[in-house]
1. Scan around residue 431 for amide H atoms under 5 Å from its own, H built in the peptide plane at 1.01 Å from N, and keep only partners 5 or more places away or cross-chain.
2. What are the ³J(HN,Hα) couplings of the stretch 177-185, residue after residue, when phi is run through the Karplus curve with 6.51, -1.76, 1.60 and θ = phi - 60°? Round to Hz, x for glycine and proline.
3. In the stretch 27-60, what trypsin sites (Lys or Arg not before Pro) fall in a loop by DSSP, with at most 12 other Cβ atoms inside 10 Å?
4. So for each of 448-454, 396-402, 224-230, 408-414 I average, over its residues, the number of other beta carbons within 10 Å; can you give me the resulting order with the highest mean first?
5. From the Cα gyration tensor of the stretch 127-200, with a ≥ b ≥ c the square roots of its eigenvalues, which class applies: rounded if a/c is under 1.5, or else prolate if a/b is larger than b/c, or else oblate?
6. In square nanometres, what is the average projected area of the Cα convex hull of the stretch 26-89?
7. Efficiency by 1/(1 + (r/R0)^6): what FRET value for residue 360 and residue 380, r their Cβ-Cβ distance, R0 = 45 Å, to the nearest 0.05?
8. With θ set to phi - 60°, apply the Karplus curve 6.51 cos²θ - 1.76 cosθ + 1.60 along the stretch 56-67 and write out the HN-Hα couplings as whole Hz, x wherever there is a Gly or Pro.
Amino acid sequence: INGINGINGGINGINGGINGINGGITGEEMLEAKLLWLKDAQSSLQSKKNFTNLQRQLNLFVDDNGLFRCRGRIDNAELPYDSKYPILLSKTKFTELVVLKSHKDVMHRGVKETLNHIRQEYWITQPRNFIKRILSKCPTCRYYEGQNYDYPEAGPLPKERVSYDNAFSHVGIDYAGPVHVTNIYDSDGSTYKAWIAIITCASSRAVYLDLATDCSGPACVNILKRYTNIFGCPKTVISDNGTNFISSDVQDFMTSKGVIWKFNIESSPWTGGFFERVVKMVKRCLRKVLRKAILNFNDVVTLLKEIQCILNNRPLTYLYSDEVNEILTPNKLLYGRNIVNEVQLPDSETENLEPSEQLSRVRELVDHFWTLWQNEYLLELREHQRRKKSNSSLHANKGDVVLIKDERLKRSQWRLGRVKKLIRSKDFKIRAAEVNVITNGKLQTLKRPVSKLYPVEFEEQRDQKDKSQIKFTSDEDTITFLCFGGV
């Protein structure tokens, strides 16, 4: 309406002098502009197939301004004229703007309140779904109440998880902690923080545990050196984006060994599920054993090795009551047997064998358990884990304005960003995106899973708002106006 006023003001300024342009908008001019909008919105009513039915159902009549109004049974009610005889609106762009203005006038309330406000002046046929669709695009409501993007179903497991290979060929690494430990050389009772390094084999599910003195890159290199001197260098390593893992010390060391290091998308721990699950098991053991006790560094390392042995003796498949010797465990995939911390009776079958024959038997046992791994463990992995069905049907697009979820902050404090690039996984589904944000006045690009992005304004919505052309037909000529604002 303000735009039409500006056009009319310009015309009046040409006809009546410069004062017509510089003068303020009068109430009469506002009504004239509004009438022009309404006539254009109703211009196509009579050409619709159902106009005759509408005319009969709504008891339509034409008022003195040439507008179609609805007549109900409340002629004698003490209500304003517009409320008793509302103006009929079809579902046009102008009607969408009317809905958004009413929604704003009722302080961004829901469909019911918005519809009640609209019906004080206008009548829209079958309005609720129409209003609901319009309100779903409201940036303010999206900011505080909008849903996140839909996250695709889990895809096929990576090749490293389901392929037969030597144990610890493909691993995931993560830190847990910190844990408070005492200094073994001082007796003053002072403590300092240490972190538990957890390395998990992607296929055999075997675990290696160690204790890092801090979260620095050099401390992580020492962990990796101790690990590689026991199990050898892995082919690939998967981790999160911790500062210790992305440090040049760690990356230079592993690159010199020919290791490929892959990083998961930031703030998406579930993408490293095969090692995050082990982290949870380690924490559970520590919580139950330590409780509130504080040990020295050496005692914690010893405890971690005991937990490592227990976890590597855990069954990987369902235990049937008639199975005793065929329980599949990570240690059996590593050594062909479980590791026990006490002396066992000698095996009469292998006691008198030559070393070469004993080696051959160990190899046969390891191959046997890897066959069990293929026949039992892999078949159990075939079933997809059921997840809670998402209520969202929103899909990310380049250019969308989004809120970036941060569990540490309230929603009103989440940062705004714009989707720069969509990241597709190996199954070509969009599970993450690069988002541009402003941090301390500088442009920064973050990678986030789409489930932590809450759209505020879609790219197509912004283009439509900024670039749509709305034509008005008057008695004299046709006016084309670019709509940038509200009604």
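Each reported figure results from applying straightforward, stated rules to the coordinates on display, with no laboratory input. Just so it is clear, the model here is predicted, and its values are computed rather than measured. No Cβ is skipped: glycine too gets one built from the backbone with ideal geometry, and neighbour counts run over all protein chains shown.
1. Placed amide hydrogens put 423, 425 under 5 Å from residue 431.
2. Working through the residues one at a time gives x, x, 10, 8, 10, 9, 7, 6, 9 Hz.
3. Here the trypsin sites (Lys or Arg not before Pro) that fit, given the DSSP loop and packing criteria, are 48, 49.
4. Ranked by mean Cβ neighbours within 10 Å, highest first: 448-454, 396-402, 224-230, 408-414.
5. Oblate is the answer for the stretch 127-200, as a/c is 1.5 or above yet b/c matches or exceeds a/b.
6. Numbers: hull surface 19.4 nm².
So the mean shadow area of the Cα hull is 4.9 nm².
7. Working: r = 30 Å, r/R0 = 0.67.
After rounding to 0.05, the efficiency reads 0.90.
8. 6, 5, 9, 6, 5, 8, 9, 7, 5, 8, x, 9
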